[in-house]
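Peer 1: The structure that follows is given in the form of structure tokens.
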Amino acid sequence: MEKLIIEGGRPLEGAVHISGAKNAALPILAASILTAETLCVQNVPRLRDVATTCALLTQMGLWVRQPAAGTIELSAHAIANPLAPYDMVKTMRAAILVLGPLVARCGQARVSLPGGCAIGLRPVDLHIKGLQAMGAEIEIEHGYLIARAKRLRGARIVLDLVTVTGTENLMMAATLAEGTTVLENAAREPEVVDLAQCLNAMGARIAGAGSDVITIEGVECLRGARYRVMPDRIETGTFLVAAAMAGGKIKLEGARDDILDAVLEKLRESGASISAANGAITLEASGRPRAVNVRTAPYPAFPTDMQAQFMALNAIADGTALVTETIFENRFMHAQELKRMGADIEVEGNSAIVRGSAHLDGAMVMATDLRASACLVLAGLVARGETVVDRIYHLDRGYEQLESKLSALGARIRRAG
Ligand code: EPZ
């Protein structure tokens, strides 16, 4: 099994380029199902989840090719097999994002029901309920969601809670529905906005993306388009926390500060100085960061996908912090691994009290999910001695070339096994 070996204690210096956003690229690739013409997607990160999505779309009958690094062209002339098989869905929950487009375009879909994952139960009941409100008949048979609809029709859907992929699935489905759909209590994440902009470039009529009320006027069909995926705000945040912990000065090129307010505010509170100009963010830090309380919530509040990284920062910070997770019920798996490195953390329900330690010690640690693995890498960058992070396939799902980018900033990190 591949591992990362990190020798801690070096400041980070220099510049790296931020990749395209995983959580925007995946729904945008799925949107290719909605048109018979070619969708050309640029700035696509080279990630395990992107490869899985392309394999999933290819087995459905889409024509998928990569004319250049970071560019994927997809054409759904004909979709012979509107199926998302168990073997693919079990490795990537985001495969659920083909459900809405398949029902809307093909009138039928067979999608393996995603099971739970390391960070929570993660049901998809709101995806199903929304499609049923648009007239789809949905049954569960042998672990598969079987959905049928002659043509979806517009509906007013009030989401019980804010769901990112739920909003994306229903928004995509509604683009080809008869009439107008209104999604209330919709997710406001920048990735939802990126998807809506791509769909509008394909001829959809979507208004209000980025607010909690999205209106979609259905059209007969969508056309092909060329679309550039936004930069990854979670990758950006991860690098910024790395430098705030290790010290030094880094510049993140191709990053956007306007979609990271809550994260930048917490980094400034921890003592880092941050500036943004010409499509780049620069962070400078020295000495121990100050402890900062964080509470996760839907955008524009503090993102749950940055919670683990800030737990690592607080583990070496000056002071005590309260970290509260309100989105997922089991997203503190990294706390136990940090404690193996000497961190002082007490988990109580959906909160953790983190008492900053002057030092962490390198150790063998195990990644349990994507962001937990990033947290352990950050802890390894500042720990005394060597840290070995096991099961890094989690990391490869969401970070493009993390170790070579960190090496370029002066970190001592290498892959083994
Ligand atoms: C998206 O997951 C992201 N994934 C996650 O990023 C991210 O953590 C999450 O949004 C929250 O920001 C992608 O975009 C591919 P949700 P998603 O539906 O859409 C409950 C990463 O690290 N819920 O917004 O699956 C759910 O259980 C990943 O990159 C229902 O109850 O998350 C959770 O408690 C991890 N019923 C809450 O809503 C539903 O039908 C929010 O989940 C749907 C969701």
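Peer 1: Restricting attention to region 364-401, which residues are at pLDDT 95 or above, touching a Ser or Thr at 6+ places or on another chain (Cβ under 6 Å) and open to solvent by 10 Å² or more (accessible area, probe 1.4 Å)?
Peer 2: Answer for region 364-401, where residues must be at pLDDT 95 or above, touching a Ser or Thr at 6+ places or on another chain (Cβ under 6 Å) and open to solvent by 10 Å² or more (accessible area, probe 1.4 Å): just Glu400.
Peer 1: With the requirement that a residue be within 15 Å of Leu402 (Cβ to Cβ) and more than 16 Å from the ligand (Cβ to nearest atom), what does region 15-45 give you?
Peer 2: Val16, His17
Peer 1: Taking into account only those residues within region 203-220 that are among the charged types (D, E, K, R) and not in a strand (DSSP E or B), which is surrounded by the fewest Cβ atoms within 10 Å (Cβ to Cβ)?
Peer 2: Checking each candidate, the answer is Glu220.
Peer 1: Can you tell me how many residues within region 251-284 are in contact (Cβ under 8 Å) with a residue 12 or more places away in the chain and under 23 Å from the mean Cα position of the chain (by Cα)?
Peer 2: Selection size over region 251-284: 21.
Peer 1: Out of all the residues in region 234-257, which are open to solvent by 20 Å² or more (accessible area, probe 1.4 Å) and under 30 Å from Met172 (Cα atoms)?
Peer 2: Gly254, Arg256, Asp257
Peer 1: Same structure, new question: Return a yes/no flag: does region 386-406 have any residue that is more than 30 Å from Asn43 (Cβ to Cβ) and either of a type in the set (A, V, I, L, M, F, W, C) or within 16 Å of the ligand (Cβ to nearest atom) (or both).
Peer 2: Scanning region 386-406 turns up at least one residue that is more than 30 Å from Asn43 (Cβ to Cβ) and either of a type in the set (A, V, I, L, M, F, W, C) or within 16 Å of the ligand (Cβ to nearest atom) (or both).
Peer 1: Pick from region 71-83 the residues that are open to solvent by 30 Å² or more (accessible area, probe 1.4 Å) and assigned to a strand (DSSP E or B): which of them is nearest to the ligand (Cβ to nearest atom)?
Peer 2: Leu83
Residues are listed down the side, and each one gets a yes or a no for (1) within 24 Å of Val192 (Cβ to Cβ); (2) surrounded by fewer than 18 Cβ atoms within 10 Å (Cβ to Cβ); (3) within 16 Å of the ligand (Cβ to nearest atom):
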{"position": "Leu264", "(1), (2), (3)": "yes, no, no"}
{"position": "Ser270", "(1), (2), (3)": "no, no, no"}
{"position": "Met311", "(1), (2), (3)": "no, no, yes"}
{"position": "Lys339", "(1), (2), (3)": "no, yes, no"}
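The values are calculated or read from the model by the stated rules, or taken from the named source; none is laboratory data. Small disclaimer: the values here were computed from a predicted structure and weren't measured. Here Cβ is always computed from backbone atoms with ideal geometry, including for glycine, and neighbour counts include all displayed protein chains. The accessibility values were calculated without ligands, DNA or RNA, using every heavy atom of the protein model including side chains. Shrake-Rupley method; radii C 1.70, N 1.55, O 1.52, S 1.80 Å.
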